[in-house]
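This report refers to the structure that appears directly beneath it.
No lab work stands behind these numbers, since they all come straight from the coordinates. Model, not experiment: these values are computed from the prediction. Cβ atoms come from the backbone with ideal geometry, glycine included; neighbour counts cover every protein chain shown.
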Amino acid sequence: MPFRPSLPRRCPFDRKLTSFLSAVASLADTRSPPASPPAGAVPAALTPTAYNALMSAYSRADRHDEVLRLFRSLPFPPTAPLFTTLISSLAASGSKSAALDAFSLLASGLGPTTSAFTVLLKSIDAAPSESVYRAFFGTMAAMGCAPDAATYNCLIWMLCDSQRLDEAWGVLDSMLEEGVSPTVRSYTAILHGYCKQGRVLEAERLGGLRVL
């Protein structure tokens, strides 16, 4: 049965205001990618946390070759967060098959995490059909993971970008039914979708705002 909006779509006023302003601002967001650490950098501390921080910085700067270099040179067994950063970087670089291979290595060894599943969902080029994302959540459950707010928000953004706002509302309602609290980003995604379609009045109603 398809998702159907059923629960109240309300959020605290401060969240509504923040969501509305964030959605409008994001439409004109032209920030350049963050500066990259110098090529060949190594963490000051030889710990998984330090390596992950540097790999993440390279990934945000689109230096995916440096992410792979660091992962290959780890002085200790890779952890789940390190695998997740690698998967994200590979997917962002267009190496979707390599990202899937890395996910398979994680799943067969340490075991998958919700964060890794979320990164895998982000790597999909277009919003999946309802049957596909239901199957995706089913696979997560079968492997001992449950979608969190980040997973749901990722799917909501994808649906809104594809102008499938009714489905996005349904996913948000399903999120509530599963006991996962929506975040500012959850509502910002839908506000962004309304603004993208020029449906300003609906965006205002959702934000609890009125044109003076």
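Volume per residue, Å³, of the convex hull around the alpha-carbon atoms of the range 66-113?
Working: hull volume 3.0 nm³, N = 48.
Here the figure is 62 Å³ per residue.
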So for the range 106-206, Kirkwood radius off the Cα pairs, Stokes-Einstein at 25 °C and 0.890 mPa s: how many µm² s⁻¹? 174 µm²/s
Which FRET efficiency value, to the nearest 0.05, do you get for Arg134 and Ser73 by plugging their Cβ-Cβ distance into 1/(1 + (r/R0)^6) with R0 = 45 Å? 0.70
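Count the net charge of all other residues whose Cβ sits under 12 Å from the Cβ of Ala41, scoring Lys and Arg as +1 and Asp and Glu as -1. Display every interim value, and only then the final one.
Numbers: positive: Arg63, Arg69; negative: Glu66.
Combined, the nearby Lys, Arg, Asp and Glu give +1.
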